[in-house]
1. Could you go through segment 205-224 and let me know if any residue there is under 23 Å from Val146 (Cβ atoms) and surrounded by 17 or more Cβ atoms within 10 Å (Cβ to Cβ).
2. How many residues, within segment 237-291, are part of a loop (DSSP other than H, G, I, E, B) and farther than 14 Å from Trp174 by Cβ?
3. Out of Gln12, Gln62, I need the residue that is without any contact (Cβ under 8 Å) to a residue 60 or more places away in the chain, exposed (fewer than 13 other Cβ atoms within 10 Å of the Cβ), of a type outside the set (Lys, Arg) and part of a helix (DSSP H, G or I). Which one?
4. Pick from Ile60, Ile139: which is of a type in the set (A, V, I, L, M) and in contact with a His (Cβ under 6 Å, 6 or more places away or on another chain)?
5. Do the conditions hold for Val132, that is, is it at pLDDT 95 or above and of a type in the set (Val, Ile, Thr)?
6. Which of the residues that make up segment 161-191 are of a type in the set (Phe, Trp, Tyr) and in a strand (DSSP E or B)?
7. So Leu82 clears everything in (1) assigned to a loop (DSSP other than H, G, I, E, B); (2) crowded, with 16+ Cβ neighbours inside 10 Å except one condition, right? Which one?
8. Of the conditions (1) at pLDDT 95 or above; (2) assigned to a helix (DSSP H, G or I), Asp205 satisfies every one except a single condition; which number is it?
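The values are calculated or read from the model by the stated rules, or taken from the named source; none is laboratory data. Just so it is clear, the model here is predicted, and its values are computed rather than measured. Because the Cβ atoms are built from the backbone with ideal geometry, glycine has one as well, and the counts that use them run over all protein chains shown.
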Amino acid sequence: MKATRSSTTAEQMALSRAIETRKPAAERICGDPLAERFLGAKYRMLLWGRPLRNAVETLIEQRFAGHHYYVIARTRYFDDFLQQRLAGGAEQLVILGAGFDSRPYRFSDRLGGVQVFEVDHPATSAAKQAKVRALIGEIPANVAYVRVDFTVDNLADKLLGCGYDTTRPTVFLWEGVTPYLDLEAVDGVLGFVMASAPGSAIVFDYILRSVVEGTCTLRGAANEFAKMSSTSEPLTFGIDEGQGPAFLVSRGFQNVVDVGAQELTGRYFDQHGKHRYIKPWWRMISGEVGAAGQHDIASADEGD
């Protein structure tokens, strides 16, 4: 991503959430009433009227097969994960690559006693703060913005400098970021999470390594890889098919859960008679830090 601008991808994700939120409650998979308020004028225009929104949804599907429906299923899955972890006693929330994520504000009733850290690239973070101030006035006292370039900065230094407490169980949301990093950057973040308090947990999504290698034959994979390769946000990191759980377990995580299109469709779409194609080369995975898993942050980041 160019350092001089906020991520276009962040706004496009907000557009998908806004389109879904405008649907009647009986049809809606996820709800984010703040999403459309983060959009610029050219994207807000696309929300005028159900026929136009339907046409935009179709256009997104034609350009990136399964993308729109994956985004709304991911939003719902991450929302559910966050609420489960808060109910389980999480005391801090770290949103990695926050983009225009509105969870600190739409879940404010659940986050009153929880310290929130919004971590993102400096350009996107600056744009986000300006929008939040315009929407709700002052940024809530429990929300801290942490400007990080994952490919350059030390996450531990940045978070600790903003008041992150290693003794408090924390939930980490890492949405739509890992495919744009390299293995070293991914491992750096996971190492930091493992240095957090026992009971901490992370959920993130990833793509299959075959997409990056150009051998994935799943519908839409080659097209998305080619299109993203021509942007400032190419796809660069993936995990071998079927190896997601082993990837996290080998890094010390426990209670690993790995889900993809089939599970997401069954959970959020099929039972309501609303089957929609979800791109199957993107998956979501979560893991927890056990009592024996925590180690010193300095050693986790050694050599970074």
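1. Scanning segment 205-224 turns up at least one residue that is under 23 Å from Val146 (Cβ atoms) and surrounded by 17 or more Cβ atoms within 10 Å (Cβ to Cβ).
2. Number of matching residues: 20.
3. Unique residue meeting the criteria: Gln62.
4. Ile60
5. It is false that Val132 is at pLDDT 95 or above and of a type in the set (Val, Ile, Thr).
6. Phe172, Trp174
7. Among (1) assigned to a loop (DSSP other than H, G, I, E, B); (2) crowded, with 16+ Cβ neighbours inside 10 Å, the lone unmet condition for Leu82 is (1).
8. (2)
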